[in-house]
Amino acid sequence: MIFWKLFYTFCKIGIFNFGGGYAMIALIQNEVVEKQAWMTAQEFTDIVAVSQMTPGPIGINVATYAGYTAVVNAGYDPWLGVVGAFLASFSVVLLPFILMLLLAHYLMKNKENKDLQNVFSALRITVLGLIAAAALFLATPDNFGSWSQSPLQFCLSIAIFITVFFLSLKKKISPILLILLSGVVGLVVYGI
């Protein structure tokens, strides 16, 4: 049954995720698109895009939309999709919440321990890798176009990506403003 699979899958994602929402995207994509085939890569890309614009943590937003989409794509009523959305959101935070309650006391007591500090240093590198993997999973022809199909669209997409990356990193421009400006550029260029 899809609800049990949703619960199990998102509990597994929640407990093995380190590094927050962006690191979680690669894990969710692997589970819901590749392993379970609950949705297409294009649907997942759309879910990530909407989740980035929606208030709240991106990882939980992606889980919510993925849970809804998985249930609806399985042929269930959209109202049961709401149950799937709730179940995925609840499942992805359940085990990490319990784990943090259990570990908080220990970590506060032993925060000066060198071995513990080494573990957290190694986790930082792992998180960086997971975030990079999420970026690579989203660098698809659906998002950037394809050189063979439309060289102009591909070059423009890469130029927008590099410009936004530079402006956010070096000039510290608001991400909201960058999203709006990118949308305007896309409307002007692709609307013509």
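What follows draws every value from the coordinates through simple rules; no lab data is involved. Please read these numbers as outputs of a predicted model, since none were measured by experiment. Ideal geometry is used to build each Cβ from the backbone, glycine not excepted, and the neighbour counts take in all protein chains shown.
Contact order, relative form, for the range 1-133: 33 percent (alpha carbon pairs under 8 Å, 6 or more residues apart, mean separation divided by residue count).
Only helices enter the 222 nm calculation for the chain: every DSSP H run of n ≥ 4 contributes -39,500 (n - 2.57), and dividing by all residues gives -26500 deg cm²/dmol, rounded to 500. Counting only residues at least eight positions apart within a chain, or on another chain, the lysines with an alpha carbon under 30 Å from that of Lys12 are Lys35, Lys109, Lys111, Lys114. Mean-square fluctuations from a GNM of the chain, with a 10 angstrom spring cutoff on Cα atoms, peak among Val119, Val93, Val71 at Val119.
Across the range 98-192, the relative contact order, built from alpha-carbon pairs under 8 Å that are at least six residues apart, equals 10 percent.
Arranged from fewest to most other beta-carbon atoms within 10 Å of their beta carbon, Cys155, Cys11 become Cys155, Cys11. Residue exposure proxy: Met24, Met108, ordered by other Cβ atoms within 10 angstrom of their Cβ from fewest to most, comes out as Met108, Met24. Charge dipole of the range 2-139 (Cα centre as origin; +1 on each Lys and Arg Cβ, -1 on each Asp and Glu Cβ, all else neutral): 440 debye, rounded to the nearest 20. Simple spin-label estimate for Phe16 and Ala41 gives 2.1 nm between the two label positions (7 Å along the Cα-to-Cβ direction from each Cα).
Distance from the C-alpha centroid of the range 97-151 to that of the range 11-71: 15 Å, rounded to the whole angstrom. Springs between Cα atoms under 10 Å define the GNM used for the chain, and in it the highest mean-square fluctuation of Val127, Val32, Val92 occurs at Val127. Put simply, the amide H of Ser146, placed in the peptide plane, has neighbours under 5 Å in Phe154, leaving out anything fewer than 5 places away on its chain.
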